[in-house]
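Structure first, then comments.
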Amino acid sequence: MDAARLQKLAEQELALAVTMTQEMIRVPSISGDEAAMAELTQKYMHELGYDEVSVDAVGNVLGLMRGTGSGSSVMFNCHLDTVAAGDPSVWKYPPYDGVVAEDRVWGLGASDTKGAFACQIVAVAALKKAGLLPAGDIWVAGVVCEETAAFGSIYLSKQLKVDSVILGEASNNQLNIGHRGRILYHVNYTGKSTHASVPERGSNPHFAAARMILALEKLKLGTDPLFGSSSFAPTLYSTDQTSSNVTPGKVKLSIDCRNIPTESEGYILGQLTELARQNLTPGVTAEIIVELYDVVCYNGHRGKAPAGEPSFVTPADDDAVLRAHKALESAMGHPVEVGMCGFATDGGHFRLQGSKVMVFAPAEERHCHTREDSISIAKMQAAIAGNMALAIELGR
């Protein structure tokens, strides 16, 4: 691999990547309303000579560069959607202006994941232009509804099987190989409502829920040398009453779980179910459900998806990880750390389907979902070279 040539190509393509990021920021694309962003993505892919550009049933945009032979397939993956901007007046720079200042591109989605997506799109196109495409096919995917329920990647992972997936989530140009999962549980308690002056006539579910919360604080789960431990965090709490002198008949306790890969969702559910059973009070029952979101895609497709993402790890000693790590260090000319994401991504869905999943992007996690959302232009240039190196090495 000619690292100097990749670095020169990255330098040449940087201006386009910056312009593309600015234009993407200027197109609002809140989850479920990504149509304009999808159109812009297709426009760029067509202009840059992708062999195929298509939109699937849920609205994901897919660009394909065909390989030169029969090598391994690679997918670069980012999401088209963003969270809401909130009050524009509190932003350092306007959220939809795509301002270039302080050697950064500023605006909603710059770090999550429009800047990374631009770097992926131009990197793959640059390989074709330079005659450096690998033997395997390269896909670049812009998926929908990631911020709400990872819906686009859930669908895509079952429809398109690839050997390796590179997610463009914020990694500060290090190579991340896994993360804890996220599962949102609701514990629905049912008792018997009564007037607060005669509580003995009812069965107050508050007591069972309170005992559950205290038990969660003491619950010990397994640990992992890479990921730490699983965790349970009670977050939301609601009842079916609005009067302060009536006890509730129903209580809902929401629990955010972050599980390590060695503790499956089934295992976690079993632990929660047993804990709830142990802490019930007379006349009160409990049902534990996994939150499901109703998803409406910009093209009208409807579905449901869980409010969370499965954990995953691609082992550090896996051949794909070792090769990717070496390729990145060569292309960028400096040491690259191998680590873990501190947040959940779509990666678990592709890992469940057998893909070797890694996370690489120039954005920094500390800027995501903040009013200082931005991305370093220098790191974008390095990421373009890194993406080209990953495509060449993993597509062999």
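The values are calculated or read from the model by the stated rules, or taken from the named source; none is laboratory data. Every value quoted in this text rests on a predicted model; they were computed, and no experiment measured them. FYI the Cβ positions are ideal-geometry reconstructions off the backbone, even for glycines, and counts take in every protein chain you see. What goes into the accessible areas is simple: the full protein's heavy atoms, side chains included, and nothing from ligands, DNA or RNA. Shrake-Rupley method; radii C 1.70, N 1.55, O 1.52, S 1.80 Å.
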* Where is the GNM fluctuation largest for the chain (alpha-carbon springs, 10 angstrom cutoff): Ser238, Ser29, Ser330? -> Ser238
* Can you figure out the FRET efficiency of Arg366 with Leu226, using R₀ = 22 Å and their beta-carbon distance, to the nearest 0.05? => 0.55
* Dipole magnitude of the chain, debye to nearest 20 (Cβ charges: Lys/Arg +1, Asp/Glu -1, about Cα centre) -> 680
* Structure fact -> Cα-only Rg/Rh for the stretch 1-125 with Kirkwood Rh rounds to 1.00
* Structure fact -> Answer in debye to the nearest 20: the dipole magnitude of the stretch 78-221 about its Cα centre, from +1 Lys/Arg and -1 Asp/Glu charges placed on Cβ, is 620
* Check each of the trypsin sites (Lys or Arg not before Pro) in the stretch 197-244 and keep only those in coil by DSSP with at most 14 other C-beta atoms within 10 angstrom; list them in order. => Lys220
* Structure fact -> Sorted largest first, the C-alpha extents of the stretch 299-373 along its principal axes in whole angstrom are 45, 36, 24
* **When the convex hull of its Cα atoms is projected in every direction, mean area for the stretch 159-247 (nm²)** => 10.7
* To do: Please work out how much accessible surface Thr242 shows to a 1.4 Å probe, ignoring ligands, DNA and RNA, in Å² rounded to 10.
  => 150
* Go ahead and set up a Gaussian network model of the chain, Cα springs under 10 Å, then flag whichever of Gln22, Gln271, Gln381 fluctuates most. => Gln271
* Structure fact -> Length-normalised contact order of the chain, Cα under 8 Å, at least 6 apart, in percent, tallies to 27
* **Local electrostatic count at Ser111 - Lys and Arg +1, Asp and Glu -1, tallied over other residues with Cβ under 10 Å** => -3
* Over the Cα atoms of the stretch 101-220, compute the convex hull volume and normalise it per residue, giving Å³. => 240
* In the stretch 128-184, trypsin sites (Lys or Arg not before Pro) in a DSSP loop with at most 16 other beta-carbon atoms within 10 Å -> Lys161
* Asked: Under a point-charge model restricted to the Cβ atoms of Lys and Arg (+1) and Asp and Glu (-1), what is the dipole moment magnitude of the stretch 224-301 relative to its Cα centre, in debye to the nearest 20?
  -> 240
* Asked: How much length is gained if the chain between Thr235 and Arg396 is pulled fully straight, taking 0.36 nm per residue apart and subtracting their Cα-Cα distance, in nm to one decimal?
  -> 53.3 nm
* Asked: Once the other residues with Cβ under 14 Å from the Cβ of Gln7 are scored (Lys, Arg +1; Asp, Glu -1), what is the net sum?
  -> -1
* **Column: log10 I(q)/I(0), Debye, Cα scatterers of the stretch 145-191, q = 0.20, 0.30, 0.32 Å⁻¹** => -0.94, -1.25, -1.23
* Asked: Taking a threshold of 27 Å on the Cα-Cα distance, which of the pairs Lys158/Lys326; Lys114/Lys304; Lys128/Lys304; Lys218/Lys252; Lys161/Lys304 fall above it?
  -> Lys158/Lys326; Lys128/Lys304
* Asked: In whole angstrom, how long is each semi-axis of the equivalent ellipsoid of the stretch 17-67, when you take the square root of 5 times every eigenvalue of its Cα gyration tensor and sort them from largest down?
  -> 19, 16, 7
* Structure fact -> Lys and Arg at +1, Asp and Glu at -1: neighbours of Leu269 with Cβ under 15 Å from its Cβ sum to -3
* Can you put Tyr185, Tyr267, Tyr155 in order of accessible area, largest first, using a 1.4 Å probe? -> Tyr267, Tyr155, Tyr185
* Ignoring the sites themselves, what is the longest stretch of the chain with no GluC sites (Glu not before Pro) in a DSSP loop and at most 16 other beta-carbon atoms within 10 Å? -> 103-290
* For n ≥ 4 DSSP H runs only, could you compute -39500 (n - 2.57) per run for the chain, divide by its residues and tell me the 222 nm figure to the nearest 500? => -10500 deg cm²/dmol
* Structure fact -> In the chain, helical segments from DSSP H whose Cα atoms cover 30 Å or more along their own axis and that average at least 0.0 on the Kyte-Doolittle scale are 3-25
* Would you work out which of Ile166, His179, Ala10 lies farthest towards the positive end of the dipole of the chain? Charges go on Cβ: Lys and Arg +1, Asp and Glu -1. => His179
* Asked: Picking from Ala101, Ala215, Gly266, whose Cα lies most toward the positive end of the charge dipole for the chain (charges on Cβ: Lys, Arg +1; Asp, Glu -1)?
  -> Ala215
* **Of all DSSP beta bridges in the chain, antiparallel share, percent nearest 5** => 75
* Report, in cubic angstrom per residue, the convex hull volume of the C-alpha atoms of the stretch 236-329. => 206
* Structure fact -> Connecting every pair of Cα atoms under 10 Å apart in the chain and solving the GNM, the largest mean-square fluctuation among Val124, Val198, Val55 falls on Val198
* Taking H placed 1.01 Å from N in the peptide plane, check which residues at least 5 places from Val99 or on another chain put their amide H under 5 Å from its amide H. => Trp106
* To do: For the chain, with all protein chains present and a 1.4 Å probe, just round the carbon and sulfur fraction of the accessible area to a whole percent.
  => 51
* Asked: For the chain, what is the accessible area per residue in Å², given a 1.4 Å probe and the full set of protein chains?
  -> 41
